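All remarks here apply to the structure that follows.
The values are calculated or read from the model by the stated rules, or taken from the named source; none is laboratory data. Fair warning: this is a prediction, and the values are worked out from it, not measured in the lab. Quick reminder, even Gly has a Cβ in these numbers, built from the backbone with ideal geometry, and neighbours come from all protein chains shown. The protein model used for the area step is the full one, side chains on, heavy atoms only, and it has no ligands, DNA or RNA in it. Shrake-Rupley method; radii C 1.70, N 1.55, O 1.52, S 1.80 Å.
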Amino acid sequence: TGGSYVVCALVQAWWLRDSLAAAIRKARPAFAPRDWIKITGPIFTSNAIYLVFSRMDIVMVGLLRNPREAGIYAVAMRAGTMVNILETAMASSLAPRISHLYWSDRRDEVEDVTLKAVYWLFIPTLFITAVLSVLAHPILALFGHAFIAGTWVLIWIAFGQLISVSSGAVGWLMNMTGQQNVTAIVYAVIAALTMAGYFT
């Protein structure tokens, strides 16, 4: 995995350099580390919290129940999160558009683009949710008979992802409009509440 990241980064760096105009390549670089840290610090914190808590539920099931149930839960949960695959794909192309419109003082268009994205995503995501819910039993059976016990986990996760998609790419929207500090605070509060919920 690490090797593939390195190769990808090198290819992207070469491609970017090759696509830049000669005048840009010869320009003297200017650095503003304090400004970048101020912006990227909260985003890094949010992503770190998200990364940890995207795995923490599996760890907690293993600790509070047993490793067997954690394995069943992990497979069902991963299958259920397939519901948001379209949102993830669209967010990567939507985020730069939101940023461009917002910082160009075209705020009304930001709302329009965001709402259109939700409208375009909802019906296909609802279809994926329905398919995963109906076929939850045979999908999990592909991993082995024991994994069928995670059927309801898959269904609940799928519907939870549907609700998330219907709310729009809120995290991306916040980060692209200069609200990254608020995003980091929200993530931290949710993390704390989640941990409290695990032990109650």
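One line per residue, one yes/no per condition, for (1) over 24 Å from Ser54 (Cβ atoms); (2) surrounded by 13 or more Cβ atoms within 10 Å (Cβ to Cβ); (3) not aromatic (Phe, Trp, Tyr):
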| position | (1), (2), (3) |
| --- | --- |
| Glu87 | no, yes, yes |
| Leu94 | no, yes, yes |
| Arg107 | yes, no, yes |
| Val113 | yes, yes, yes |
| Ala117 | no, yes, yes |
| Leu121 | no, yes, yes |
| Thr129 | no, yes, yes |
| Leu132 | no, yes, yes |
| Thr151 | no, yes, yes |
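Among the numbered criteria (1) under 20 Å from Ala191 (Cα atoms); (2) hydroxyl-bearing (Ser, Thr, Tyr); (3) open to solvent by 60 Å² or more (accessible area, probe 1.4 Å), which one does Ser54 miss?
Just one mismatch for Ser54, condition (3).
What are the pairs with Cβ atoms under 8 angstrom where one residue, in region 135-153, is free of Cβ contacts under 8 Å to residues at least 12 places away in the same chain and the other, located anywhere, is open to solvent by 80 Å² or more (accessible area, probe 1.4 Å) and assigned to a helix (DSSP H, G or I)? Sequence gap at least six, or different chains.
Hits for this filter: Ile148/His137.
Residue-wise test of (1) closer than 20 Å to Thr194 by Cβ; (2) of a type in the set (Phe, Trp, Tyr); (3) part of a loop (DSSP other than H, G, I, E, B).
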| residue | (1), (2), (3) |
| --- | --- |
| Ala23 | no, no, no |
| Ala30 | no, no, yes |
| Gly41 | no, no, no |
| Ala48 | yes, no, no |
| Asp57 | yes, no, no |
| Val61 | yes, no, no |
| Asn84 | yes, no, no |
| Glu87 | no, no, no |
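Can you tell me which residue within region 16-51, out of those that are open to solvent by 70 Å² or more (accessible area, probe 1.4 Å) and β-branched (Val, Ile, Thr), is farthest from Val189 (Cα to Cα)?
Among them, the one singled out is Ile24.
So, in region 129-164, how many residues would count as being over 22 Å from Ile58 (Cβ atoms) and assigned to a helix (DSSP H, G or I)?
4
Can you find a residue in region 166-184 that is assigned to a helix (DSSP H, G or I), under 30 Å from Leu64 (Cβ atoms) and among the hydrophobic types (A, V, I, L, M, F, W, C)?
There is at least one residue in region 166-184 that is assigned to a helix (DSSP H, G or I), under 30 Å from Leu64 (Cβ atoms) and among the hydrophobic types (A, V, I, L, M, F, W, C).
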